[in-house]
Amino acid sequence: MNTLIELNNITKTFDDQQVLKGINLKIYENEFLTLLGPSGCGKTTTLRIIAGFDEPDCGELLFGGIEISKLPPYKREVNTVFQKYALFPHLDVFENIAFGLNIKKTEKSVVKQKVERMLELVGLSGFEKRDVTSLSGGQQQRVAIARALINEPKVLLLDEPLGALDAKLRKEMQFELKKIQKEVGITFIYVTHDQEEALSMSDTVVVMNDGYIQQIGTPTDVYNEPENRFVASFIGESNIIEGVMIRDCLVSFDDFEFECVDKGFKDNEDVEVVLRPEDIDIVSPEGAKLTGTVESVVFKGVHYEIMVKSKYRSYMIHTTDFCEEGRRVGLSFGPEDIHVMWKMV
Amino acid sequence: MRYFKKLVRPYIAWSAVVIIIPLIMMLLYAFTNSGNSLLNIQFTFENFKRFAEPVYLNVFLKSLKLGLLTVAICLVLGYTLAYIIAQFKESTQNVLILLVTVPMWINMLLRTYAWISILSDNGLLNALLSKLGLEPVSMMYTDFAVMIGQVCDFLPFMIIPIHTSLSKMDKSFIEASYDLGANPVQTFFKVVFKLSIPGVLNGVIMVFLLSISTFVIPKLLGGGQYVLMGNLIESQFVSVGDWNFGSAISIILAVIILFAIRWMKKVDAADN
């Protein structure tokens, strides 16, 4: 895969507040990349710098190897789907989608043909003459995507595009966006604070917090092998336990030693251990290393969320098997369920 | 809520007394001869026919021309100023808008008198010209003087509605336009101006209304010979004493303004 966009040491400050503290990121052709993080982490600013609405204070922004951080947005080969769509209220659906082509003085018949094809792609054929303000949120969303894609950009930027939609529609649009991305075969850079959205759509997830990139990886990587406490707690639910790495493949926490699959730490280094709630099994207390009492049981639909109070802490466990409160139980997990991370300073 | 609705009643009574009844009386005057007694009323179209005489038609056309010119000048100046103001940060904008409205706190008569001392033959401007070694120019009692007075008096009524529609405009529309490849000039004409049209129309209506019916400014800056619709109506009531003809002209003016507003609203609706 070829590198399309490269961010080198990008920083940005707004009113004495440093929003980006040195972002280094490579974005490849045809990839679905998600910038994931809580609000204020700098993900939207990163997107706006790529779009050209904000200029970085320092650092390089390369597009196909050429520095573009000073290039105005109307000269960049990227298009944006805005958070609130920003469809022009004085134009109808057709005119909104045709806006970019009309600016380029494209021939009328070509415009008509392309708009029709775009409407077909986003499933809104026959909506040409509709007033954009009369459309539902999901339909406006589709018009916004069509309006951006018709310019055949090399990169489509999406700023929390599903934020305003209800849960069911979000699911549908997630699926559809992924489908559209595969169909047009261009890079999508997607900004969201919703970890589920990020995991289910992306090829690459970039987890951000506090102006820094915390981890870059595939969805399975960031979920299964979080690099630090922030990533582990932000993506999915997890039990985070302080421990000591005795040597490669052996970690100790809560008075016991456990076999694991992690390597590359110093002997006796302080580390943090992640145990995903769904990876812990409830077993009988005899012979189990960790034991505790069931503190609470909450029905969550697909599974139960069970809190087990052990000697040092409460463990969260997700299981489909019911277990009554007050019972003494043992906890079991395999070596591959233990994820060891660097301790955050 | 229902309880509060009752509070509108005094207002209704008030408008009936000071708006509706005088309007009916104006209509009555306009459609009758002078010298009627209460018992013997004779209806006639004579007053309206009289308005079609060239003397009066010329006054009307002159008023219309001057009104439209004032609107045009106010639009160009007002839009430019409103646009510049809207670029500042919000607190600065509030101060600037306050400055725009400051002249409105001063009596219009005084403001107009101030122009006399600036424009008159031995006024401020001519003093400046002679200091520079130039010939004095006679500016008072010309279209130019009336126009300058009207533009200065009415400009805030253009700036404020345009500024309102510009400042509440969502900045993401402008970003979306840039994003789709439009440069700043294209963005202005294809997005910003189009979205500010409601404000422009309000400003145009206000300024047109004010300038077509004003009589103080043409009287003071245009001199006694300078007659516009406002002056014509004033003279019919005050000096000539022909209330019937004066009422008829007022009604003609009101109808014209009404249609102008309706037409502009329609243009606005068709545009959106």
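Taking 0.36 nm per intervening residue step and subtracting the Cα-Cα distance, what contour gain separates A:D166 from A:D194 on full extension?
8.7 nm is the gain from fully extending A:D166 to A:D194.
Once fully extended, how much extra length lies between B:K194 and B:L7, figured as 0.36 nm per residue of separation less the alpha-carbon to alpha-carbon distance?
Length difference between fully extended and current span is 63.4 nm.
To the nearest 0.05, how large is the calculated FRET efficiency for A:M344 and A:E6 if R₀ is 22 Å and r is the Cβ-Cβ distance?
Using R0 = 22 Å, I get an efficiency of 0.20.
Give me B:I159, B:I21, A:I97, A:I216 ranked fewest to most by other Cβ atoms within 10 Å of their Cβ, as a rough exposure proxy.
So the ranking, lowest neighbour count to highest, is B:I21, A:I216, B:I159, A:I97.
Can you compute the FRET efficiency between A:K289 and A:E269 using 1/(1 + (r/R0)^6), with r the Cβ-Cβ distance and R0 = 30 Å? Round to the nearest 0.05.
Efficiency, rounded to the nearest 0.05: 0.90.
When the helices in chain B are scored as -39500 (n - 2.57) per DSSP H run of 4 or longer and the sum is shared across all residues, what 222 nm value do you end up with, to the nearest 500 deg cm²/dmol?
So the helix-based figure for chain B works out to -22500 deg cm²/dmol.
Indicate the gyration tensor shape class of region A:127-170 (rounded, prolate or oblate), computed on the Cα atoms with a ≥ b ≥ c the square roots of the eigenvalues: a/c under 1.5 is rounded; otherwise a/b larger than b/c is prolate and the rest oblate.
oblate
Which helices, taking whole DSSP H runs in chain B, have alpha carbons extending 30 angstrom or more along the helix axis plus mean Kyte-Doolittle at least -1.0?
For chain B, where a helix must reach 30 Å along its axis and average at least -1.0, the hits are B:54-86, B:143-167, B:243-271.
Excluding A:F82 itself, calculate the net charge of residues whose Cβ lies under 12 Å from the Cβ of A:F82, where each Lys or Arg counts +1 and each Asp or Glu counts -1.
Residues close to A:F82 contribute a combined charge of -1.
Work out Dmax and Rg for the protein assembly as shown from the C-alpha atoms and quote the Rg first, both in angstrom.
When restricted to the Cα atoms of the protein assembly as shown, Rg and Dmax are 36.7, 120 Å.
Under 13 Å from the Cβ of B:Q236, count the other residues' Cβ atoms, weight Lys and Arg +1, Asp and Glu -1, and hand me the total.
Net charge around B:Q236: -1.
How high is the FRET efficiency from A:K112 to B:L125, r the C-beta distance, R0 56 Å, rounded to 0.05?
Working from the Cβ atoms, E equals 0.45.
Based only on other Cβ atoms within 10 Å, what is the fewest-to-most ordering of B:K190, A:K43?
Placing the least packed residue first, the sequence is B:K190, A:K43.
Tell me the relative contact order for region A:3-224 as a rounded percent, counting alpha carbon contacts under 8 Å between residues six or more apart.
30 percent
Per residue, how big is the convex hull around the C-alpha atoms of chain A? Give it to me in cubic angstrom, could you?
Roughly 164 Å³ of hull volume per residue.
According to a simple spin-label model (label point 7 Å from Cα along Cα-to-Cβ), what is the distance in nm between B:V185 and A:F256?
7.5 nm
Report ³J(HN,Hα) in whole Hz for each residue of region A:321-336, in order, from the Karplus equation J = 6.51 cos²θ - 1.76 cosθ + 1.60 where θ = phi - 60°; Gly and Pro get x.
Each residue's phi maps through the Karplus curve to give 8, 6, 8, 6, 5, x, 7, 8, 9, x, 10, 9, 7, x, x, 6 Hz.
Where in region B:160-195 does the label zone of B:Q93 land, with the point 7 angstrom along Cα→C-beta and an amide N cut-off under 16 Å?
Flagged as within label range: B:160-175, B:192-193, B:195.
Grab the other residues whose beta carbon is less than 15 angstrom from that of A:P56, score K and R as +1, D and E as -1, and report the net.
For residues surrounding A:P56, the net value is 0.
Once a ≥ b ≥ c are taken as the square roots of the eigenvalues of the Cα gyration tensor of region A:207-345, is the result rounded (a/c under 1.5), prolate (a/b larger than b/c) or oblate (a/b not larger than b/c)?
Because a/c hits 1.5 or more and a/b fails to exceed b/c, region A:207-345 counts as oblate.
Got the relative contact order for chain B handy, in percent, Cα pairs under 8 Å and 6 or more residues apart?
It comes to 27 percent, rounded to a whole number.
First check a/c for region B:57-271, with a ≥ b ≥ c the square roots of the eigenvalues of its C-alpha gyration tensor; if it is under 1.5, answer rounded, and if not, answer prolate when a/b is larger than b/c or oblate otherwise.
oblate
Could you pull out the chymotrypsin sites (Phe, Trp or Tyr not before Pro) across region A:55-90 that fall in loop regions by DSSP (anything but H, G, I, E, B) with no more than 10 other Cβ atoms inside 10 Å?
none
Compute the distance in nm between two label points, each set 7 Å from the Cα along the Cα-to-Cβ direction, one at A:S314 and one at B:L110.
Output for this residue pair reads 7.2 nm.
Which value at 222 nm does chain A reach when only helices count, each DSSP H run of 4 or more adding -39,500 (n - 2.57), with the total divided by all residues and rounded to the nearest 500 deg cm²/dmol?
Mean residue ellipticity, 222 nm, calculated: -7500 deg cm²/dmol.
Taken together, the values in this text are just the output of simple stated rules run on the coordinates, not laboratory data. Keep in mind the model is a prediction, meaning the values are calculated, not measured. All Cβ positions, even for glycine, are placed from backbone atoms using ideal geometry, and neighbour counts span all protein chains on display.
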